[in-house]
Structures are given as C-alpha cells and as structure tokens.
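These notes concern the structure reproduced below.
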Amino acid sequence: MRHDGRDYNELRKVTIEKDVLKHPEGSVLISFGDTKVFCAATLEDRVPPFLRGLGTGWVTAEYSMLPRATNTRNRRESAKGKLTGRTMEIQRLIGRSLRSVVDLEKLGERSIIVDCDVIQADGGTRTASITGAFVALSLAIEKLIESGELTENPIKEHLAAVSVGVLPTKEVVLDLDYVEDSAAAVDMNLVMTESGEFVEIQGTGEESTFTAAELNQLLQVGDLGIKELIARQQEVLAPQSAGVEVGEDSVILIATGNKGKAKEFEAIFKEKGLAVKTLLDFPDVPEVEETGKTFTENALLKAETISKKFNCLVLADDSGLMVDALNGQPGVYSARYAGKLKSDAANNAKLMHELTDIPQSERTAKFHCTLAVAAPGKESLVVEGEVKGEILAIPRGDNGFGYDPLFLVPSLNKTMAELSGSEKNKISHRAQAIKALDNAWDEWYKGV
Ligand SMILES: O=c1nc[nH]c2c1ncn2[C@H]1C[C@H](O)[C@@H](COP(=O)(O)OP(=O)(O)OP(=O)(O)O)O1
Ligand SMILES: [Mg+2]
C-alpha cells in the first residue's frame, strides 16, 4: 500500500496545459501531482558555432528550480553564480532526450531551446520536465509548419519520461513522489519513445542493491507509465475537433465571432439543409487578428487559420461598408471604425458625424462581402458580393446588425434594418456572395 493510496502502477494526476505563456513559441504547464513545471520552447534562426553552415538544426534545454519550489528555500543558482552539478546533469539529459526524437536535418539551420522551470517540486521533476518539454517543442514546431517555414515535421515520434522505484517494502512502484523517493531502496528514471525504445535509463540502488528480476519489473511498470503519458501528450497536441469533418455534408464551420453574421448564415444555410457552427461555439479559440489590407486577405486569413486549427473545411466572411464620399472608407476597417471595441453604435455615430455636411445625393455607398473557403491541403476559394445604397442621416429600423440602420436600399425605400431577416438575405451583399459561392462550389469541391 502506498502512502497516498495509489496502486503500484498508477501515475499521480497528470495534467498538461498548453499555450500557457504569451511569448514563447510553445509553452506548457505540466503537473505530476504536486510537481509542477513550466516548459517554454523558443525558436531561434541560428545554431551554435559548431553547427554553422552544416544545414542541420539544434535542440537544447535548460533546467532550473524556483527557490521555494522546495520545502525549504534553496538559494538561486544565479545568486550563487554557478550551476550545480545536478542542474547541469538534468538539463543535458533533457536536451539529449529531445534530440533523440528530432530529425535535426529536417529542422534546418535553426535552434529550439526548451526552458524547464520547476515551480513546485514533489519528486520526479526531471521526468515531468522531459514529458512537458516534448509538448512545448511540438507546439513550437507546429508554428513552423503553420507558417510554412517547414513542410515536413522533424519530430520522429513521441517521447516521455517517468520515475519508477523499489520501496523499502520491496514493492515496485510507478511515479514516485518526494516522500517515496527519499525513502526508496531503488530509484530509476526512464526516458522512452512511443515505439517503446529506451533513450536513457538512470537507475541506482540507494544503500541497497537490486536483482535482474526487479530491474525487469521496474522496466515493465515504467513502460506502461510512459504509454499513458504519451497518450496524454497526444490528446493535448491533437488538432481540436469541431465535430465537423471535411466532406461531412450536414455541418459547416464559419470562422466568425459576429452574432449578426452568424444569424444570417444560419438562415441562409438552413434552406440548403446545412447546420452552421461558428466561433461563438468555441469561445476558447482566440480571435484571428485581421492584419490584411483587403477583404480578400482578411477572409483568407480567417478561413485558413481556423481550417488549420480544426483540420476541416471552413468558411470565413470579411465584409464592410464603402462610402463614396469617404473614398471607400471605412472598408476593411468597418468593424474597428470607431476603435478597437468594435461597437456598432459607436461606428454608426462616427459615420453620421463624418457625413454631417454631405448632401443626400452624394451619400452613395455599398456593402461589400468577400467569402473565403479553406480546406486542408487545398487551394482556398474566394468569392464576393455587393449591394448598393445610400447612407441616411438618421438611423431607421431594429433588425440586422452593424451599419444596417443607416443603409438605405433605394429600390425598396427601406433601410437594411427595416427589412425582415429573409428580405435582407435575398438582396444583401452576403446573399450575393453566397450565390457566387453556389456557382463556384461544385467545381472547387470536387477536389476536396
Ligand atoms: O450585413 C451587414 N450589415 C451591416 N453591417 C455590416 C454587414 N456586414 C458587414 N458589416 C459591417 C459591420 C461589421 O462590423 C464589419 C465587418 O467586419 P468583419 O471583420 O468582416 O466582421 P467582424 O469583425 O464583426 O466579425 P468576424 O471577423 O469574426 O467575422 O462590417
Ligand atoms: Mg473581424
């Protein structure tokens, strides 16, 4: 019986949280019970001098512990002015382990440095560091693949590490905490790959010896632990599933966080027998920054980023109002016209203000909509639609969203916000773009 009630072959509670830090290309907070380690992977476009010009990359690691990660305070190594032997040994182990599963030639002439910082130590900090460092490294490499800097993944297979040991009771146990570790008769760290091969075995009898039979048991228990840890890593690294598969005909994922658009798309696609999911269904997915200068650039950016994330077919809409008297403004900046907050009311107020002295005959404008469809491994499709109108001095109507209350459709003598949802969806820029999408779809979809 173990002091914390675990079975002999049971890991502590393992959690791996990813993308926990803002700056590093890959970051995780990994916990094995009360042992907690931040692992941060940094990409650098250069390699150490001994590798320069050889076309091969480098992966290395640093390890450290916060002063109060332990029961009593340890002086910072930076204050001591030198690294302890233990720190050196552990960071070399982490680096060696990571390099064993990375094809350094495929990585190209760049380095990845993984910093493992223990914030709380309760046994097994080096094994938690290696297991977390592998995930941070994978996340950083994912970035290189997403940005197109790498086309092939240099990671050969998963890697994890765990501790095993023999308790004074002769029991062989998995994943020792500090209490068990400090009393153990045999103490062993195993670093292993997904294919079940060893990268490193560090095993020592602590004032005791162990038999070949015990060694075998230790390796077997460790192997199971490693398999569980790798399964956990795979869960964390798997692309998020939107519940939508490429080619699944009944659901379409739309990369928008705009409720007004979502409602219109739902109505339009319902008629076609398609259900709609939007980013409103995935509040954890960060907003895609619209850094493009054109509707097309932004629509592609949104569709392709989200398609890569979910690994499925995605539609995105970039739209806006173009006012002739304002030389086509606010255009691609329509959502942020009155500032970052993206408030419809503030945008409309600003538009009214900008047009104060412009006579009605010169207040012509159009709504523009660009739609982009992206699917994994396929060139994206782009279509667009527009509708002409005039900007009123005073808003009218409660339907729709955005600039609808100020946008008069002259042929109907109603603003977009005075039309019903279904009336707007017959004539709007979005409706026109969807017609264009209908026309181009079959030809494009053949290749999905
Ligand atoms: O039918 C429309 N009726 C009124 N206003 C409209 C419409 N369609 C676009 N607009 C205006 C308002 C919106 O704030 C901006 C779109 O900016 P845009 O970046 O495409 O959308 P967004 O940031 O609100 O949502 P998202 O990027 O998540 O799709 O243009
Ligand atoms: Mg936007």
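The values are calculated or read from the model by the stated rules, or taken from the named source; none is laboratory data. This one's a predicted model, so the numbers in the text were calculated from it and none came from an experiment. Note that each Cβ is placed from the backbone with ideal geometry, even for glycine, and that neighbours are counted across all protein chains shown. Accessible surface areas use protein heavy atoms only, side chains included; no ligands, DNA or RNA. Shrake-Rupley method; radii C 1.70, N 1.55, O 1.52, S 1.80 Å.
Measuring nothing but alpha carbons in region 14-237 and taking Rh as the Kirkwood radius, the Rg to Rh ratio lands at 0.98. Residue pairs exceeding 18 angstrom between C-alpha atoms, taken from LYS277/LYS424; LYS261/LYS308; LYS270/LYS366; LYS272/LYS435; LYS143/LYS261: LYS277/LYS424; LYS261/LYS308; LYS270/LYS366; LYS143/LYS261. Considering region 59-156 at the alpha-carbon level, its Rg and Dmax are found to be 15.2, 48 Å. Label separation (THR204 vs ARG336): 5.6 nm, computed from points 7 Å beyond Cα along the C-beta direction.
Of the trypsin sites (Lys or Arg not before Pro) found in region 260-332, those in coil by DSSP whose Cβ has at most 14 other Cβ atoms within 10 Å are LYS272, LYS293. The distance between label points at HIS23 and ASP223 comes to 4.4 nm (points 7 Å beyond Cα on the Cα→Cβ vector).
Surface composition of the chain: carbon and sulfur atoms hold 50% of the protein heavy-atom accessible area at a 1.4 Å probe. With the highest mean first, a sort of the peptides 160-168, 49-57, 393-401 on other beta-carbon atoms found within 10 angstrom per residue produces 160-168, 393-401, 49-57.
Here is the list for region 93-184: trypsin sites (Lys or Arg not before Pro) lying in DSSP coil, each with at most 12 other C-beta atoms within 10 angstrom of its C-beta, are LYS170. Packing around the peptides 379-387, 313-321, 212-220, taken as the average count of other Cβ atoms within 10 Å per residue, puts them in this order, highest first: 313-321, 379-387, 212-220. Each Lys or Arg adds one and each Asp or Glu takes one away; over the other residues whose Cβ falls under 15 Å from the Cβ of SER27, this sums to -3. Each other residue within a Cβ distance under 15 Å of TYR337 adds +1 if Lys or Arg and -1 if Asp or Glu, for a net charge of -1. Scattering from the C-alpha atoms of region 31-73 alone, worked out with Debye: what is log10 I(q)/I(0) at q = 0.15, 0.31 1/Å? Relative scattering, expressed as log10 I(q)/I(0), comes to -0.59, -1.21. Each principal axis of the Cα cloud of the chain was evaluated for its coordinate range; sorted largest first, these ranges are 95, 48, 48 Å. A 1.4 Å probe run over the protein chains yields, for the chain, 49 Å² of accessible area per residue, whole-number rounding. Here the scattering of region 251-445 is modelled by Debye summation over its C-alpha atoms, one equal scatterer each and no solvent; at q = 0.16 Å⁻¹ the log10 of I(q)/I(0) is -1.01. In the chain, the calculated helix contribution to ellipticity at 222 nm averages -10000 deg cm²/dmol per residue, counting -39,500 (n - 2.57) for every DSSP H run with n ≥ 4.
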